[in-house]
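Just so it is clear, none of the values below were taken in a lab; they were calculated from the coordinates. Owing to the predicted nature of the structure, the values given are computational and were not obtained by experimental measurement. All Cβ positions, glycine included, derive from the backbone under ideal geometry; neighbour counts span all protein chains shown.
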Amino acid sequence: MATHCCYCGVQCGMYLRVSSDGKVFGVEPRDHDINKLKLCPKGVTAYQQVNHADRLTKPLMRDRRDEPLREVGWDTALDRVVSEIRRIQQTYGRDAFAVYSGSSLATEKCYLMGKFARVALGTRHIDYNGRLCMVSAAAANKKAFGVDRAANPWSDMLESDVIMLLGANVGECFPVATQYFWGARDRGAKLITVDPRETPIARTADIHVPLRPGTDAAFCNGVLHVVEREGLLNEEFIASRTTGWEQVRTGLSEYTPERVGQICGLDPGLIEKVGLTWGRAAKAMAFHARGIEHHIQGVDNCLSVINLCLATGQFGAAGMGYGTITGQGNGQGGREHGQKSDQLPGQRMIEDPEARAHICRVWGITDDELPRAGTSAVEMVHQAEAGEIKGWIGICNNPMVSMPDSARINRGYDALEFHCQIDFFLSETCARADLVLPGTSWAEDEGVSTNAEGRVVKYNKASEPPGDARPDWWIICEIARRLGRHADKFAFSSPRELFEELRVASAGGQADYSGMTYERIEETGGIFWPCPAEDHPGTPRLFGERFHHPDGRARFHAVEWRPPAEEVDRKYPLRLTTGRTVAHYLSGNQTRRIDSLVQQTPRPWVEVHPSLGFANGDPVTVTTRRGSATYPALVVSSIREDTVFIPYHWAGRVAANLMTVDALDPTSRIPEFKVCACRLEPGSKIDEPPAPPVPPGVAEYPRVGGLDREEPSAPQGRGTGRG
Ligand code: SF4
């Protein structure tokens, strides 16, 4: 069955192999435009989720939090969720019930989650887990360009002379995208990487900039200072296509290479070199990911990269452009159609009267019935802790692992009077819920997904859900029908029907999908939005002649570097940064159950510079103001002396987010996952990662076979503590 990978924002094409009795048993890469027959370690094992022994096959419920979950029938489960929603909303008001959704869901489901929250529940509290991912880039794109999408298809990279990659560990987080960066290098492009760690792709760069975490905006301003000083601006582009340059220019005098070198912990000569390399390029592109976005200055960091691209006129042709690399498979589509707290379908803003009027017409409700903007994901948990939010439905997310300052997140969920979670594996968050509803994996349903380029691709159904598991859209529609508030507006019987309504809802919006059909997407291999008519070819490259602000011009934004929320001091002298590793995906709820991935990377580690005096495998206790855990050391010269790194995919005692800070960007409300102050001490015993939770009746981990094999040697087995 032709489909796409369920994991990262590359969205590689693949075939799922299906037996004659309808079971998915393997995968083959597809010669699709995106990945050209390549898949990464996660992609080649993704199919193993489908018939996994841990799959949730029945609704699970408990009456009290100190009881174990027990299997119940669908009627019992749905009656419980409906009665709890009614009780909580009648007692505390509509906004006391919250919905927290996910961006690994197909777009039809994302659309449905927004409609469900606002129409069936009438709550303003809906947000999604892209809030932990790329919302800083989204906000910066809107501010600068008037639209939130990458400017180019990735194939444009092959025409570029210089590519700058900031805070993006492409080789591990988006492995198959590496082919575009290396393809450009093979044709003579220079690759510049900016990252506190010399990541796999940084090892192949022409220039690597190992800056201090939390100093990205200062670095970009320093590069722009050099470009401006050397007369390398594109004055004609600035004059004809932008506004706001003079305010930026005025502030640049402060960002001399010498001062920036001090802020960033860099040789000023490196800033000069990057400025000259970027400024002299005829065609240049910049890409970034979470490394610069997960900061209290995440939006400004992205704007400082955009300033660099605008000042040199790098838009409108192949080889020139800018983009963010989305982390989740449907990170782009998931934020376009109404599950973000401030947006409605089509990337419309919820406080815009015209946008509200359009969506009210499509949904058949009045403006009074459509809630206003809500709060962000982490803030909703904090509101639960404060007693403002009492009930919660979560789908396709695992905040016990993925949200910052886990102790506080636990307190928020503890305070809920009712918590329902929908998933296809029993995540750590499901395991503590009052009610767990078994949904479907991506292989058991059809729908569309939008990759990091803005290309809409199609997932196809390869098999039936196991046991009594049900499609996620069916579960949500069934709750809405039973609740009764606008029940007639949830009479969907397939993802196709949802997509047809989404097309109408998105029409005329920025993310306009109205000209797309399932058939067209399949025939073309993917359509780039906007696509406003069925004879429209889609829009692979944006900003050729105009940007999306009403006057057609892009906006410069003057950016002033600010220090991170937590500065180092004598007690916490190092910077902790967190991120991903190639074998695992996000909170690990899927990948920590796949034997080959667990064998490749069985546990987290702490990556430290040799100057800190530890040996490989030493137990090292990492402590921040919020928590502490002991990891095996991985001693590498590819990280800064003042920085340590922990991958965040694991739960319990070894969860990196026990230690991260929950300070938020004032605009995007993204947490500062990428820097907080810490200290290291020799530990006595390495903390063990807990086994993933399993449903009642399923054998506990570790199972016989698979995991008892010899652990591999470095680099795949890094951090195993075996020296
Ligand atoms: S690069 Fe991303 S989309 Fe492609 S196979 Fe790997 S995880 Fe899947």
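Each of 349, 516, 134 was scored by other Cβ atoms within 10 Å of its Cβ. Arranged with the fewest first, they read 349, 516, 134. Per residue, the convex hull spanned by the alpha carbons of region 32-90 comes to 186 Å³. As an exercise, find the ratio Rg/Rh for region 476-622 from alpha-carbon atoms, using the Kirkwood inverse-distance average for Rh. Ratio of gyration radius to Kirkwood radius: 1.14.
Taking all Cα pairs closer than 8 Å and separated by 6 or more residues, the relative contact order of region 289-344 comes to 25 percent.
The label point for residue 596 and the one for residue 500, both projected 7 Å from the Cα toward the Cβ, are 4.1 nm apart.
Averaging over all projection directions, the Cα-based convex hull of region 432-494 occupies 6.4 nm² in the image plane. For residue 454, the shell of other residues with beta-carbons less than 11 Å away shows a net charge of 0, using +1 for Lys and Arg and -1 for Asp and Glu. Note on region 172-240: Rg/Rh from C-alpha atoms, Kirkwood Rh, equals 1.05.
Treating each Cα of region 414-462 as an identical point scatterer and summing with the Debye formula, the log10 of I(q)/I(0) at q = 0.15 Å⁻¹ comes to -0.58. Helical content of the chain, expressed as a calculated mean residue ellipticity at 222 nm, amounts to -8000 deg cm²/dmol (DSSP H runs of 4 or more residues, -39,500 (n - 2.57) each, divided by residue number, nearest 500). Just to verify a number: FRET efficiency for residue 701 and residue 23, C-beta to C-beta distance, R0 = 25 Å, to 0.05? Taking R0 as 25 Å, the efficiency between residue 701 and residue 23 is 0.60.
Working note: Karplus 6.51/-1.76/1.60 with θ = phi - 60° gives region 199-210 the couplings 6, x, 6, 5, 5, 9, 7, 6, 10, 10, 10, x Hz, where Gly and Pro are set to x. When 486, 584 are arranged by Cβ crowding within 10 Å, least crowded first, meaning fewest neighbours, the order is 486, 584. Going by neighbour counts of Cβ atoms within 10 Å, the residues 542, 612, 78, 37 line up, fewest first, as 37, 612, 78, 542. With distances taken between every two different alpha-carbon atoms, region 536-587 has a Kirkwood hydrodynamic radius of 17.0 Å. Here the calculated FRET efficiency for residue 369 and residue 87, from their Cβ-Cβ distance with R0 = 35 Å, stands at 0.95, rounded to the nearest 0.05. In plain terms, the C-alpha convex hull of region 93-194 casts an average shadow of 8.5 nm² when viewed from every direction. A crude spin-label estimate for the pair residue 611 and residue 67, with each label 7 Å from Cα along the Cβ direction, gives 5.9 nm.
With K and R counted +1 and D and E -1, the other residues having a Cβ less than 9 Å from that of residue 404 yield a net charge of -1. Here the Karplus relation 6.51 cos²θ - 1.76 cosθ + 1.60, evaluated at θ = phi - 60°, turns the backbone of region 28-36 into coupling constants of 9, x, 10, 7, 8, 3, 5, 10, 6 Hz, with x for every Gly and Pro. The H on the amide N of residue 37, modeled in the peptide plane, is under 5 Å from the matching H of 30, 31, 32, each at least 5 residues off or on a different chain.
The equivalent ellipsoid that matches the C-alpha gyration tensor of region 147-187 spans semi-axes of 16, 15, 10 angstrom, in descending order.
Dividing the alpha-carbon radius of gyration of region 355-451 by the rule-of-thumb value 2.2 N^0.38 Å gives 1.30. Per residue, the convex hull spanned by the Cα atoms of region 73-130 amounts to 86 cubic angstrom.
Based on Cα contacts under 8 Å between residues 6+ apart, the chain shows a relative contact order of 19 percent.
In the chain, what % of DSSP beta bridges are antiparallel (nearest 5)?
Counting DSSP beta bridges with both partners in the chain, the antiparallel share is about 45 percent.
Note: relative contact order over region 533-657, using C-alpha pairs below 8 Å and six or more positions apart, is 26 percent. At 37 °C and a viscosity of 0.692 mPa s, what translational diffusion coefficient does Stokes-Einstein give for the chain, taking Rh as the Kirkwood radius over Cα pairs? Give it in µm²/s as a whole number. Answer from the Stokes-Einstein relation: 128 µm²/s. Please list, or write none, the aspartates and glutamates whose alpha carbon is within less than 17 Å of the alpha carbon of residue 273, excluding same-chain residues fewer than 8 places away. Candidates past the 8-residue exclusion: 161, 195, 206, 216, 228, 230, 258. Its residues counted as N, region 42-157 yields a C-alpha radius of gyration over 2.2 N^0.38 Å of 1.45. Against the empirical 2.2 N^0.38 Å (N residues), region 101-160 has a Cα radius of gyration ratio of 1.46.
Computed from phi, the 3J(HN,Hα) profile of region 313-324 under the Karplus parametrisation 6.51, -1.76, 1.60 (θ = phi - 60°) reads x, 8, 9, x, 9, 4, x, 10, x, 7, x, 9 Hz, with x in place of Gly and Pro.
Less than 5 angstrom separates the built amide H of residue 350 from those of 343, 344, all sequence-distant by 5 or more or on a different chain.
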